[in-house]
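Down below is the structure, laid out as structure tokens.
The values are calculated or read from the model by the stated rules, or taken from the named source; none is laboratory data. This structure is a prediction, so every number in the text was calculated from the model and none was measured. Cβ sites come from the backbone with ideal geometry, for glycine too, and all protein chains shown count toward neighbours. The accessibility values were calculated without ligands, DNA or RNA, using every heavy atom of the protein model including side chains. Shrake-Rupley method; radii C 1.70, N 1.55, O 1.52, S 1.80 Å.
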Amino acid sequence: MNFIAIDFETANHLPHSACSVALVMVQHGKIVGEYYSLIQPETEFFWRNIQVHGIEPEDVRNAPKFPEVWRNIQTYFQENRLIVAYNAAFDMKVLAGCLDYYGLEQPHYLSLCTVKTSRKLFPTMTNHRLDTVCANLNITLNNHHDALEDSRACAEILLYQAANFGVEPLKKLVQPK
């Protein structure tokens, strides 16, 4: 199984307010690489977002803006390439919002949401929050809402699901973007 797991953290509710991003690269069912960057958003931070992820405005003062980060990661977003996220609707909205804000072209890729796969494959879990699913599957998640930790956990969840249920039930939930 080959895919990229992605996670964004945002400065506020605006879809172009990414303040960090992480990607975890999986080839042949193994994690083979990771990417993490803080991002300097061109918007204010909301106190509640800071409370959730712990990223402060001073942390991103010297960080690259999204276009520079995009140059480093855009090669992963190709047609027929699977991009996976826990709550993919949020992360894909942030990606699209950042690209729109900076006038960058929207890529075409395949998307899979591991919240949806978890709801389908683990219907009896008390809830399907990332930390709950990780705890139930014995997947390490030491720093929830750290983009790299969350994307790594997302990758591990999908690998667990593929190993235990096969890829057929997962393929049915893949969406083109």
Exercise for the section: For region 11-21, just list the computed ³J(HN,Hα) in residue order, Karplus coefficients 6.51, -1.76 and 1.60, θ = phi - 60°, integers in Hz, with x standing in for Gly and Pro. Expected result: 6, 7, 7, 6, x, 9, 9, 3, 10, 7, 8
Completion exercise
Checking region 26-87 for trypsin sites (Lys or Arg not before Pro) in a loop per DSSP with at most 14 other beta-carbon atoms within 10 Å yields Arg61
Problem - Cα-derived Rg to Rh of region 1-73, Kirkwood definition - result: 1.04
Practice task
Collect residues whose amide H, placed 1.01 Å from N in the peptide plane, falls under 5 Å from the amide H of Ser111; neighbours closer than 5 in sequence don't count.
Solution key: Ile83, Gln175, Lys177
Fill in the blank from the handout: Taking a straight Cα-to-Cα line shorter than 23 Å from Lys120, and setting aside same-chain lysines fewer than 8 residues away, one finds Lys93, Lys171, Lys172, Lys177
Handout entry: Using distinct alpha-carbon pairs, which all enter the 1/r mean, Kirkwood radius of region 38-120 in Å
Key = 14.4 Å
Completion exercise
Whole-percent carbon and sulfur contribution to the accessible surface of the chain (1.4 Å, no ligands, DNA or RNA) stands at 47 percent
Handout entry: Rounded to 5, the percent of DSSP beta bridges in the chain classed as antiparallel
Key = 75 percent
Completion exercise
The correct pair for region 81-147, radius of gyration to one decimal and Dmax as a whole number, both in Å and from Cα atoms, is 14.3, 43
Fill in the blank from the handout: Only helices counted: for the chain, with every DSSP H run of 4 or more residues adding -39500 (n - 2.57) and the sum spread over all residues, [θ] at 222 nm is -11000 deg cm²/dmol
Exercise for the section: Could you work out how far apart the two model spin labels at Asn80 and Thr126 are, taking each label as a point 7 Å from the Cα in the direction of the beta carbon, and quote it in nm? Expected result: 4.4 nm
Fill in the blank from the handout: Square roots of five times the C-alpha gyration tensor eigenvalues of region 133-173, ordered largest first and given in whole Å, equal 21, 11, 7
Problem - Computed over the chain, Kirkwood Rh from alpha-carbon pairs, angstrom - result: 16.4 Å
Exercise for the section: Kindly report the accessible area of the chain per residue (heavy atoms of protein chains, probe 1.4 Å, no ligands, DNA or RNA), in Å². Expected result: 51 Å²
